[in-house]
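In what follows, a structure is listed as structure tokens, so that the remarks can point back to it.
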Amino acid sequence: MVHFFDYFRALDEEAVAELMAAAGGGPLLRKGHPPVADVVETNWIDPPVVLGKVLRFALDAAWDVDPVGERHVWPDGADQDEEYEGPWVSTLSERARDTLAEIPDDRLPSLAHRWSRIEEWSHFSEYPEPEYMLSVLEKLVRLARRARMNGERLYCWSCL
């Protein structure tokens, strides 16, 4: 089963609800359709664990530090339903946005290489190529920079 995670920027939760209505609940990128938001499409890069690891690497922080600060924002009540499998949207903390935005470009290759070797990738037949992870990290950093520049937050749409 593939887990889809689309990271995007929006002003607030009201804007998120409008985006979700426009996208019919998501995903925000669909073949043959223009994107409904500034979005980075990923698979398997969940906010608390996989994204959290690269944020911890960037901060030189221990595992018990939560740099993501994820909180469910859409749809209402889905976080209380144990049977619900998505889609849903969570917001990331300003700290997560700012950590990504502040990663110097010259650090990206080494962070991407380290990120490409995390334990979460070990269940695949091969680890992702560091170049691929660099591409994803560069996109996330640019998204975070645009969000911060526009006074927006980062959000993650996800679905199983």
Is it the case that Asp76 is of a type in the set (Asp, Glu), open to solvent by 30 Å² or more (accessible area, probe 1.4 Å), assigned to a loop (DSSP other than H, G, I, E, B) and touching a residue at least 12 places away in the same chain (Cβ under 8 Å)?
-> no
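Residue check: is Glu18 open to solvent by 70 Å² or more (accessible area, probe 1.4 Å), within 10 Å of the chain's Cα centre (by Cα) and modelled with pLDDT of 90 or more? Break it down stepwise before answering.
Working: open to solvent by 70 Å² or more (accessible area, probe 1.4 Å): yes; within 10 Å of the chain's Cα centre (by Cα): no; modelled with pLDDT of 90 or more: yes.
Judged against the criteria, Glu18 is not a match.
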Output yes when any residue across region 77-86 is out of contact with any strand residue (DSSP E or B) (no Cβ under 9 Å at 6 or more places or on another chain), at pLDDT 95 or above and not polar (S, T, N, Q), and no when none is.
-> no
Could you tell me whether Glu129 is more than 17 Å from Phe57 (Cβ to Cβ) and touching a residue at least 24 places away in the same chain (Cβ under 8 Å)?
-> no
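Looking at region 40-64 only, could you name the residues that are in a helix (DSSP H, G or I) and crowded, with 17+ Cβ neighbours inside 10 Å?
To start, the set of residues in region 40-64 that are in a helix (DSSP H, G or I) comprises 47-59.
Across region 40-64, the qualifying residues are Pro47, Val50, Leu51, Gly52, Lys53, Val54, Leu55, Arg56, Phe57, Ala58.
Residues that are among the polar types (S, T, N, Q), open to solvent by less than 10 Å² (accessible area, probe 1.4 Å) and farther than 18 Å from Met133 by Cβ: does region 82-95 have at least one? Show your work before the answer.
Step one: of region 82-95, the residues among the polar types (S, T, N, Q) are 90-91, 93.
Imposing the further condition that a residue be open to solvent by less than 10 Å² (accessible area, probe 1.4 Å) reduces the set to 90-91.
Add one more test, that the residue is farther than 18 Å from Met133 by Cβ, and what stays is 90-91.
Yes, because at least one residue in region 82-95 is among the polar types (S, T, N, Q), open to solvent by less than 10 Å² (accessible area, probe 1.4 Å) and farther than 18 Å from Met133 by Cβ.
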Using beta carbons and a limit of 6 Å, which pairs, at least six apart or on different chains, have the first residue in region 46-62 and at pLDDT below 95 and the second one in a helix (DSSP H, G or I) and of a type in the set (Asp, Glu)?
-> Val50/Glu120
Tally the residues that are open to solvent by less than 30 Å² (accessible area, probe 1.4 Å) and within 16 Å of the chain's Cα centre (by Cα), restricting the search to region 117-135.
-> 1
Yes or no: Glu138 out of contact with any helix residue (DSSP H, G or I) (no Cβ under 8 Å at 6 or more places or on another chain), in contact (Cβ under 8 Å) with a residue 12 or more places away in the chain and surrounded by 13 or more Cβ atoms within 10 Å (Cβ to Cβ)?
-> no
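The values are calculated or read from the model by the stated rules, or taken from the named source; none is laboratory data. Since this is a predicted model, take the numbers as computed values, not measurements. Glycine also receives a Cβ, built like all others from the backbone with ideal geometry; neighbour counts cover every protein chain displayed. The accessibility values were calculated without ligands, DNA or RNA, using every heavy atom of the protein model including side chains. Shrake-Rupley method; radii C 1.70, N 1.55, O 1.52, S 1.80 Å.
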